[in-house]
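Quick notes on the structure that follows.
The values are calculated or read from the model by the stated rules, or taken from the named source; none is laboratory data. Nothing here was measured: the structure is a model prediction, and the numbers come from that model. Counting neighbours? That spans all protein chains shown, and the Cβs are built from the backbone with ideal geometry, glycine included. Accessible surface areas use protein heavy atoms only, side chains included; no ligands, DNA or RNA. Shrake-Rupley method; radii C 1.70, N 1.55, O 1.52, S 1.80 Å.
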Amino acid sequence: MPYTVPKLNDYSQSSLAKAASECIAACQAEAAQVRNDADLKSFRDRWMARKNGILTQINDLWLKGAPKDAKREAGIRVNELKARITELVDAAHVSSSTDSLAADAVDITLPGIRRPIGAEHPVIKTMHEIVGVFQKLGYSVAEGPVVETDYYNFESLNFPPNHPARDTQDTLFIAGQQSKPQRERLLLRTHTSPVQIRTMEQMRPPIRIVIPGTVHRNDPPDASHSPMFHQIEGLAVDTNITFGDLKGTLDHAMKALFGSNVKTHFRPSFFPFTEPSAELYVTCFICGGSGKRGSDPCRPCKQTGWIEVLGCGMVDPNVFEFVKDNGYDPKKVSGFAFGMGVDRLALLKYGVDDIQLFFQGDVRFLQQFA
Ligand code: DAH
């Protein structure tokens, strides 16, 4: 039976003392039963609650109910009792937290919690691989801003104002630039090519650089498009650089990246900043160039056996004109350039069929490349 506060039949010293010691014994017994924080709370409330806690009841029954001549004596007793009960309740707090320390004890013989270690994102991994191939050929890495001016993104790359090639870039322009002259207007760079000019402004020839980075285009996201993606640009300028150097360099790089069996193949193309320009194809590294996977058609190369991997060409003399004063006289130097989409290559390399997966941050997807 839980303790209840009895009515006092008489207020003699002895019956007050007896009632007080029974009350203390009950409180001690209950304190010993406290096992956790919830127990402790109900124990404290039961004894200490202002409204109808046991101490309040004692006050009401034993003190307020005392006859006039016993009030003083009862008051002293009740005060002593209150002090003692308060001590017991406070002590119960201490003994309870000792219990919970025991409950929280760590068994150091159990195996630990394994924290997953991060890994390179497949696109960044591909980027590092490509950059690494060119670093071994003596290229250094250059970088430039993602928010670019019209001058570096277009004009200095031989896209004159209103050139139709500007439309094909689906540019994302920064708002509120109309009051500036066109060449100063800001935009999100649509390719890494502006860093060609930026680097040639800073460094005199000869140069060999690769330029990794993010670029943006106003493309709605789908399985093969993303408004943000990654490119690697390359530029080599020296005296007597020829299209043969371009072919040899890229053929070597493709074999280093996709295996020594791949063959390369150049088809004529157009870019305003190179002349002549080409697209580079490699034999499909999925089907080995046959266009078939077993009896099924090979999808990545659309059964042609060839995959387009980049655009390239000989630097147009008009581009050199913009940096002529820094040693790039088109009569004295020549160079080649190339640019490739890293995300597309990562898709092909890992057999991923939706570029969006690269940017959704789903650990279940990304884990597979760790
Ligand atoms: N900037 C081009 C693009 O984004 C790619 C490119 C093609 C870069 C030819 C080059 C190049 O440097 O020579 O489509």
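Each row is one residue, and each column tells you yes or no for (1) of a type outside the set (A, V, I, L, M, F, W, C); (2) assigned to a helix (DSSP H, G or I); (3) open to solvent by 50 Å² or more (accessible area, probe 1.4 Å).
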position: Met1; (1), (2), (3): no, no, yes
position: Ser15; (1), (2), (3): yes, yes, no
position: Ala20; (1), (2), (3): no, yes, no
position: Ala26; (1), (2), (3): no, yes, no
position: Glu30; (1), (2), (3): yes, yes, no
position: Leu40; (1), (2), (3): no, yes, no
position: Phe43; (1), (2), (3): no, yes, no
position: Arg46; (1), (2), (3): yes, yes, yes
position: Gly75; (1), (2), (3): yes, yes, no
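Tell me yes or no: at least one residue of the range 205-220 is in a loop (DSSP other than H, G, I, E, B), within 12 Å of the ligand (Cβ to nearest atom), open to solvent by 40 Å² or more (accessible area, probe 1.4 Å) and not aromatic (Phe, Trp, Tyr). The answer is yes; a qualifying residue exists.
Across the range 255-268, the qualifying residues are those that are open to solvent by 40 Å² or more (accessible area, probe 1.4 Å) and small (Gly, Ala, Ser), and the one among them that is nearest to the ligand (Cβ to nearest atom) is Ala256.
The conditions of being of a type in the set (A, V, I, L, M) and away from the ligand (no atom under 16 Å from the Cβ) are not met by Leu310. Residues in the range 319-334 that are in a helix (DSSP H, G or I) and surrounded by fewer than 18 Cβ atoms within 10 Å (Cβ to Cβ): Glu321, Lys324, Asp325, Asn326.
Exactly one residue out of Asp245, Asp251, Asp238 is within 14 Å of the ligand (Cβ to nearest atom), modelled with pLDDT of 95 or more and open to solvent by 20 Å² or more (accessible area, probe 1.4 Å), and it is Asp245. Of note, Val106 does not satisfy the criterion of being within 25 Å of Leu250 (Cβ to Cβ) and of a type in the set (A, V, I, L, M, F, W, C). Taken across the range 278-287, residues that are within 15 Å of the ligand (Cβ to nearest atom), in contact (Cβ under 8 Å) with a residue 24 or more places away in the chain, open to solvent by less than 30 Å² (accessible area, probe 1.4 Å) and touching a Leu at 6+ places or on another chain (Cβ under 6 Å) do occur, with at least one present.
A quick yes/no check of all residues on (1) assigned to a loop (DSSP other than H, G, I, E, B); (2) farther than 23 Å from Ile286 by Cα; (3) not β-branched (Val, Ile, Thr):
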{"site": "His230", "(1), (2), (3)": "no, no, yes"}
{"site": "Glu233", "(1), (2), (3)": "no, yes, yes"}
{"site": "Ala236", "(1), (2), (3)": "no, yes, yes"}
{"site": "Ile241", "(1), (2), (3)": "yes, yes, no"}
{"site": "His252", "(1), (2), (3)": "no, no, yes"}
{"site": "Lys255", "(1), (2), (3)": "no, no, yes"}
{"site": "Asn261", "(1), (2), (3)": "yes, no, yes"}
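Screening the range 335-369 for residues that are open to solvent by 50 Å² or more (accessible area, probe 1.4 Å) and under 16 Å from Leu257 (Cβ atoms) and picking the one that is nearest to the ligand (Cβ to nearest atom) gives Arg344. Name the single residue, out of those in the range 48-67 being out of contact with any helix residue (DSSP H, G or I) (no Cβ under 7 Å at 6 or more places or on another chain) and among the charged types (D, E, K, R), that is most open to solvent (accessible area, probe 1.4 Å). It comes out as Lys51. The residues of the range 154-179 that are open to solvent by 70 Å² or more (accessible area, probe 1.4 Å) and assigned to a loop (DSSP other than H, G, I, E, B), listed by number, are Pro161, Asn162, Pro164, Ala175, Gln178, Ser179. Within the range 293-318, the set of residues being free of Cβ contacts under 8 Å to residues at least 24 places away in the same chain and either open to solvent by 80 Å² or more (accessible area, probe 1.4 Å) or part of a strand (DSSP E or B) (or both) comprises Arg293, Ser295, Asp296, Pro297, Arg299, Lys302, Gln303, Thr304. Only a single item in (1) more than 30 Å from Asp104 (Cα to Cα); (2) open to solvent by 30 Å² or more (accessible area, probe 1.4 Å); (3) modelled with pLDDT under 85 is not met by Arg35, and it is number (1). When Val147 is tested against (1) open to solvent by less than 60 Å² (accessible area, probe 1.4 Å); (2) away from the ligand (no atom under 12 Å from the Cβ); (3) aliphatic (A, V, I, L, M); (4) without any contact (Cβ under 8 Å) to a residue 60 or more places away in the chain, exactly one condition is not met: (1).
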